[in-house]
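Below you'll find the structure, written out as structure tokens, and then a few comments.
What follows is calculated from the coordinates using simple rules that are stated; it is not laboratory data. As the structure is a computational prediction, the values presented were derived from the model and not from experiment. Reconstructed Cβ throughout: ideal geometry from the backbone, glycine too, with neighbour counts over all protein chains shown.
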Amino acid sequence: MYPNTETHPNAAITAHRRSRSIRRTVAQALAVGALAAVSVLALGGSAHAATGVTVSGSTLLVNSGNVADRITIRKLGTVPDFFEVANTADSMTAGGTCTKITSTTVRCPVIGVNGIQVSTQGGDDIVTNSSGVNLRGFMGAGGDEYTGGSGRDIVNGDDGDDLLRGGGGNNDIVSGDAGFDRGSGGPGVNDVCETEFRSSTCEL
Ligand SMILES: [Ca+2]
Ligand SMILES: [Ca+2]
Ligand SMILES: [Ca+2]
């Protein structure tokens, strides 16, 4: 009748009350957690907000959500030079030293930046790096298309049938991940294509 106790029945009642109290505390904690999750979603933590462009340390960061992005990255100007990031398929936000030029264009000073990181998540994305600066790309799920520039491009296609081009420069690495992926190294040497189809420009 009183499991886990061989003493006075009151001990069982006390244990039962303690157990009920713990259950109530857990339930309250879960409720608070659920509210916190709702708040995060309300603040923009949903599946998609806008394409964010900012500079963190020496890296230009481009992060988009689950839409079919059309992103190009260029380097323009003379003094001072700046990056221009455009996504014609999405609205954009500018952080750090970057400035929003139009609803689909953001510019960031080149000074102090020696690398680019792009993450496009889900959707059939198209990304072109015409900047000549080294780039690490994470294309996310979907049938994505990436075209690299004269810098070193290291790109992962993730799920979906992707087309990944390293472009000019040496030591590009294009990795298709799941799906039937096609890779090319472009001009330059020592390009690595971890893809189902490899063009003759993949040296490794
Ligand atoms: Ca994608
Ligand atoms: Ca390249
Ligand atoms: Ca893939």
DSSP loop (so not H, G, I, E, B), at most 16 other Cβ within 10 Å: list which GluC sites (Glu not before Pro) in region 98-204 pass both filters.
-> 196, 203
Taking every DSSP beta bridge that has both residues in region 51-198, what percent is antiparallel when rounded to the nearest 5?
-> 35 percent
Spatial separation of Cα centroids for region 86-161 and region 173-194, in angstrom = 18 Å
Which ³J(HN,Hα) values, rounded to whole Hz and listed in residue order, are derived for region 99-111 from phi using the Karplus coefficients 6.51, -1.76 and 1.60 in 6.51 cos²θ - 1.76 cosθ + 1.60 with θ = phi - 60°, glycine and proline given as x?
-> 10, 7, 9, 9, 5, 10, 9, 10, 10, 9, x, 6, 3
Quick calc: nm separation of the 7 Å Cα→Cβ label points for residue 68 and residue 56 -> 2.9 nm
